[in-house]
Amino acid sequence: MSDLAFTLAAGKPTIDKDPNAELDYNVRFTAWLDAVTDTIVSHTVSVIGVTLLSSTVVGNKVVVLWLSGGTVGQPASATVRITTAAGRKEDRTVYFKIKEH
């Protein structure tokens, strides 16, 4: 997994992404799942403006997204919906600023 980190931009978790990059991005549910003592059992991902190559759950608390593409200056995002062992459902959306590096 890469060490890429999302930062808050206008209150939204955002990261720069080169349109030619194919990288992994971590969507962490760790703090929330630790607080409720639960784990991820399934997930779905929907994307806008980028291409989802694959996704997987690591350590029962982090969803790793492999993404490619994007158009410079156009909005892009990925929404991860998890279901936990206890039946909880939670969505997290992360945003990408597509720009040439």
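The values are calculated or read from the model by the stated rules, or taken from the named source; none is laboratory data. Computed from a predicted structure; not experimentally measured. Cβ sites come from the backbone with ideal geometry, for glycine too, and all protein chains shown count toward neighbours. Ligands, DNA and RNA are excluded from the accessible area calculation, which covers all protein heavy atoms including side chains. Shrake-Rupley method; radii C 1.70, N 1.55, O 1.52, S 1.80 Å.
The set of residues in segment 40-57 that are over 20 Å from residue 96 (Cβ atoms) and not hydroxyl-bearing (Ser, Thr, Tyr) comprises 40, 41, 57.
Scanning segment 23-50 for residues that are within 14 Å of the chain's Cα centre (by Cα) and open to solvent by 70 Å² or more (accessible area, probe 1.4 Å), we see that the one that is nearest to residue 89 (Cα to Cα) is 44. Tallying residues that are over 15 Å from residue 44 (Cβ atoms), open to solvent by 70 Å² or more (accessible area, probe 1.4 Å) and in a strand (DSSP E or B) within segment 68-94 yields 1. Filtered by the rule that a residue be among the polar types (S, T, N, Q) and out of contact with any Lys or Arg (no Cβ under 8 Å at 6 or more places or on another chain), segment 1-45 gives 2, 7, 20, 26, 37, 42.
For segment 1-15, the candidate set comprises residues that are under 13 Å from the mean Cα position of the chain (by Cα) and surrounded by 12 or more Cβ atoms within 10 Å (Cβ to Cβ); within that set, the residue that is farthest from residue 74 (Cα to Cα) is 4. Scanning segment 56-67 turns up no residue that is outside any strand (DSSP E or B) and closer than 21 Å to residue 17 by Cα.
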